[in-house]
Amino acid sequence: GNWTNHRKSSSISIFLININHSITLTYYYKKIGKMVIKTVDFLKNEIPIELESVIITEDIKAGLVLVDIINGFCTVGAGNLAPREPNRQISEMIDESSRLARVFCDKKLPVVAFLDSHHPDKLEHPYPSHCITGTDESNLVPALRWVENEPNVTIRRKDCYDGYIGSFQEDGSNVFVDWVKNNQIQLLLVVGVCTDICVLDFVCSTLSAKNCGFLNPLEDVVVYSQGCATFDFPVSMARNTKDISPHPQELMHHVGLYMAKGRGAKIAKEVSFSN
């Protein structure tokens with residue numbers, strides 16, 4: 001009888017410990033979440049970004065750049081780096097990018113789409129295997145698959161973060177540079193993922209190349225805030241992994257835009273067209 005009572009008592013104690021542990025973790029994660037929100041608000045005050053309303057007029061030759069809007073980064077459950085659940089920022093980015101792509105195609109303006117596409121034997125540290133060539137991960141999201149059949153759209157698969165670097169051919173030519181020059185592009189509008197990784201790397205390289213005179217007649221590079229997104233990997237998830245650091249979405253999106261602004265890009269809060 002005493003042994004039975006002891007076992008019951010032990011089971012109850014373990015049960016209560018688990019409940020207490022669960023409550024503690026829940027409280028901890030909520031506290032971390034609130035801290036992240038406060039940090040984002042603090043940074044937005046400390047490193048504010050001047051957002052512009054960009055109007056693209058008929059006398060300006062504009063080009064649209066779609067950065068990695070593919071299943072492996074944007075479609076729920078599509079791969080190791082895909083979102084695990086629906087994400088507002090990513091959904092909004094897809095909607096805005098698709099809308100702009102439609103406008104550019106209707107106006108017969110040039111569009112280039114970079115698609116992350118890796119060989120299985122060439123991993124991209126520190127990230128796990130993703131967007132392998134020939135898989136659906138490396139294809140455009142369903143909302144943008146239609147652009148593949150548009151005559152004004154150039155598709156470029158790349159095996160690195162930076163679409164500018166990923167556009168180099170074996171003979172030394174560059175698909176993106178040729179695209180800018182052949183279309184006499186004066187303004188680049190950039191959308192896609194991730195704001196602070198592939199978008200930022202591409203924007204930095206493009207602005208450096210422009211300043212060196214490699215991209216004439218390009219004058220302006222515009223990053224559309226609502227047309228960009230990044231992934232969400234909070235502290236509560238990162239603590240169980242070794243290689244990937246915490247990556248709170250709102251914070252890193254803001255940092256990516258801030259860094260692009262500091263390199264000379266314009267950051268747009270809205271984009272419209274006029275005659």
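Laboratory data are not the source of any read-out in this text; all were calculated from the coordinates shown. Because the structure is predicted, anything quoted here is derived from the model rather than measured. Every residue, glycine as well, gets a Cβ built from its backbone with ideal geometry; the counts of neighbours run over all protein chains shown.
As a rough guide to protection, the peptides 146-156, 44-54 ranked by mean Cβ packing within 10 Å, highest first, stand as 146-156, 44-54.
In plain terms, the bigger the Kirkwood radius, the slower the diffusion; for segment 49-274, with that radius from Cα pairs, at 25 °C and 0.890 mPa s, Stokes-Einstein puts D at 140 µm²/s.
With neighbours defined as other Cβ atoms within 10 Å of a residue's Cβ, the residues 185, 132 order from fewest to most as 132, 185. Arranged from fewest to most other beta-carbon atoms within 10 Å of their beta carbon, 194, 228, 204 become 204, 194, 228.
The lysine pair count for segment 163-275, using Cα distances under 26 Å and pairs eight or more places apart or on different chains, is 7.
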